[in-house]
Amino acid sequence: MPLALLHRIAHARFPHVLTNDADIEAVRVLILAGHVKAAMQVTLDPWGGGPQTGVVVRDITALGRMALMHWRPDGE
């Protein structure tokens, strides 16, 4: 799942905010692997709710881009 998330992030606009628990767990792996530059911070719910914890992905690193070049959707 982390590389599938990296692929999804690569096709999004930056900064990209993740608030889903599964996405936060997956992006944690990407951060530790050096594939993305991101930080945890309080974000605002786009649907009008209150503040929530999220991870803001600011960029994909060169290492992350290399991982994307070798990623196949059928397996990580």
Criterion: of a type in the set (G, A, S), within 17 Å of H7 (Cβ to Cβ) and touching a strand residue (DSSP E or B) at 6+ places or on another chain (Cβ under 9 Å) - qualifying residue of A39, A26, A62: A26
In the stretch 7-27, residue surrounded by the most Cβ atoms within 10 Å (Cβ to Cβ) [restricted to those that are out of contact with any Pro (no Cβ under 8 Å at 6 or more places or on another chain) and assigned to a helix (DSSP H, G or I)]: I9
Any pair with Cβ under 8 angstrom, 6 or more apart, that starts in the stretch 47-63 at a residue that is free of Cβ contacts under 8 Å to residues at least 12 places away in the same chain and ends at one that is among the hydroxyl-bearing types (S, T, Y) and surrounded by 11 or more Cβ atoms within 10 Å (Cβ to Cβ): P51/T43
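Considering each residue of the stretch 1-28, count those that are among the β-branched types (V, I, T) and within 14 Å of T61 (Cα to Cα), and give that number. Give the steps one after another, and end with the answer.
Within the stretch 1-28, the subset among the β-branched types (V, I, T) is 9, 17, 19, 24, 27.
Going one step further and asking which of them are within 14 Å of T61 (Cα to Cα), we end up with 9, 27.
Of the residues in the stretch 1-28, 2 are among the β-branched types (V, I, T) and within 14 Å of T61 (Cα to Cα).
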Candidate set: the stretch 49-76, residues that are over 17 Å from A26 (Cβ atoms) and in a helix (DSSP H, G or I); chosen: the one nearest to the chain's Cα centre (by Cα): R65
Members of the stretch 46-76 that are modelled with pLDDT under 90, exposed (fewer than 11 other Cβ atoms within 10 Å of the Cβ) and either under 13 Å from G34 (Cβ atoms) or of a type in the set (A, V, I, L, M, F, W, C) (or both): W47
Sole exception among (1) surrounded by 14 or more Cβ atoms within 10 Å (Cβ to Cβ); (2) modelled with pLDDT under 95; (3) closer than 22 Å to W71 by Cα for M1, by number: (1)
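The values are calculated or read from the model by the stated rules, or taken from the named source; none is laboratory data. Fair warning: this is a prediction, and the values are worked out from it, not measured in the lab. So basically every Cβ, Gly included, is an ideal-geometry build from the backbone, and we count neighbours across all protein chains shown.
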